[in-house]
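The values are calculated or read from the model by the stated rules, or taken from the named source; none is laboratory data. All values derive from a computational prediction rather than experimental measurement. Every residue, glycine among them, receives a Cβ derived from its backbone with ideal geometry; neighbour counts consider all protein chains shown. These area figures cover heavy atoms from the full protein model, side chains too; ligands, DNA and RNA do not enter into them. Shrake-Rupley method; radii C 1.70, N 1.55, O 1.52, S 1.80 Å.
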Amino acid sequence: MKNYIQTLPKAELHVHLEGTLEPELIFALAQRNGITLPYATPADVVAAYDFHDLPSFLKIYYAAMDVLRTEEDFYELTLAYFNRAAAQNVVYVEPFFDPQAHTSRGVAFETVIRGIRRAQDEAAARLGVESQLIMCFLRDLSAESAMAHLQMAEPWLDHFVGVGLDSDEKDNPPAKFAEVFARARALGLKLTMHCDVNQKDILDHIRECLDLIEVDRIDHGVNALEDEGLCDEIARRGLGLTVCPVSNRFVVQSLTGDEIRHMLARGMKATINSDDPAYFRAYLNENLEALVEEAGFTKAEILILTRNAFEVSWLPEARKQHWLERLAAMA
Ligand code: ADE
Ligand code: ZN
């Protein structure tokens, strides 16, 4: 099975570039940028990964980003992720990034986007890993800040395929960003939003995503299973759900394997993703392997989940069909 997972060409639709910041790179960038870390070794960084819910994770995630200062830093971060993706036979990625987490520290939007884009171009040319970027807004910041960042992004519009919404979900509903997402849609961007697992008011948030924002995809969204109407609507629209099993194990102590199976049984397009792989210590293949080893997922189920990712991706139709045909040959 490990070999099968490795051999499948795969797409990843839910990975935060800042969540791929490995402890060794934290140290290398800190040294280059003259930053003193409160740790002696990369192993000490991992030892301090004490997260049990979304806020405790986000605190550690934002603190580590302080080492990302220059265009070269963002380039190296992104290229390191693509190298890992290539090694796992991940052939297509729609990575997230969090510009507000950088502009708020005095790092220019342009610095971030230039570094990421250079790594994307290099990964496509040299590693054969294609990608299209999704700009996320931080939902615990204001709608005005989100709108200002969308305006900042407009000169770079061809660098993005969509916008997303992440960070602390508590009391930060999709409705808060209705105007920003409507504007993004008018600019031709695809829309997705995090509906993290077991958050306060989560069913209301999923409903707003569907009825008010009219998203093109939902990140996480596992709690939709608690409401028949939501399941029906998600299945009817063919909306993708980007589920992150190992990430879920950190925040809800379960890979949510049963829930993933229920989604498939209900005709909902679940996909498997790594979320923040440097923190959760599992990239895409390790997420799939965990489902096999700990939840008994079969080859056929892994193939369906892999196929779903290409189907609900925002690839041009011809590229989508190319990969789906390759997968069909692996059934
Ligand atoms: N930012 C990075 N990872 C996240 C997650 N899993 N949920 C919300 N915001 C995030
Ligand atoms: Zn996420």
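Annotations
- The accessible-area ordering, largest first, of the residues Lys10, Lys269, Lys200, Lys2 stands as Lys2, Lys200, Lys269, Lys10, per a 1.4 angstrom probe.
- Near Leu133, the amide H atoms lying under 5 Å from its own belong to Val161; only residues 5 or more places off or on other chains count, and H is placed 1.01 Å from N.
- The smallest convex shape that holds all Cα atoms of the stretch 2-328, its convex hull, gives 125 Å³ per residue.
- Probe 1.4 Å, accessible area per residue of the chain, Å²: 39 Å²
- Cα gyration tensor category, rounded, prolate or oblate, for the stretch 166-227 with a/c compared to 1.5: prolate
- Measuring r between the beta carbons of Asp50 and Ser145 and using R0 = 41 Å, the FRET efficiency lands at 0.90.
- On full extension, the segment bounded by Leu324 and Glu110 gains 73.5 nm, given 0.36 nm per residue less the C-alpha separation.
- Cut-off 14 Å, label 7 Å out along Cα→Cβ of Ala87, residues of the stretch 281-306 by amide N: 281-286
- Listed pairs Lys10/Lys59; Lys2/Lys59; Lys269/Lys299; Lys59/Lys170 exceeding 24 Å between Cα atoms: Lys10/Lys59; Lys2/Lys59
- Glu228 contributes an accessible area of around 120 Å² to the protein surface, as traced by a 1.4 Å probe with all chains present.
- The local environment of Asp204, defined by Cβ-Cβ distances under 15 Å, has a net charge of -4 under the rule Lys, Arg +1 and Asp, Glu -1.
- Net charge, Ala119 excluded, C-beta distance under 13 Å - Lys, Arg +1, Asp, Glu -1: -2
- Highest-first arrangement of 25-33, 177-185, where packing means the average Cβ count within 10 Å: 177-185, 25-33
- Mean-position separation - Cα centroids, the stretch 88-132 and the stretch 49-69, in angstrom: 20 Å
- Peptides 39-49, 119-129, 90-100, 284-294 ordered by average Cβ neighbours within 10 Å, highest first: 90-100, 284-294, 119-129, 39-49
- Accessible carbon and sulfur surface of the stretch 2-328 relative to its total accessible area, %, 1.4 Å: 50 percent
- In this simple spin-label approximation, Glu317 and Glu294 carry label points 7 Å from Cα along the Cα→Cβ vector, and these lie 4.1 nm apart.
- Put simply, the amide H of Lys190, placed in the peptide plane, has neighbours under 5 Å in Gly162, Val163, leaving out anything fewer than 5 places away on its chain.
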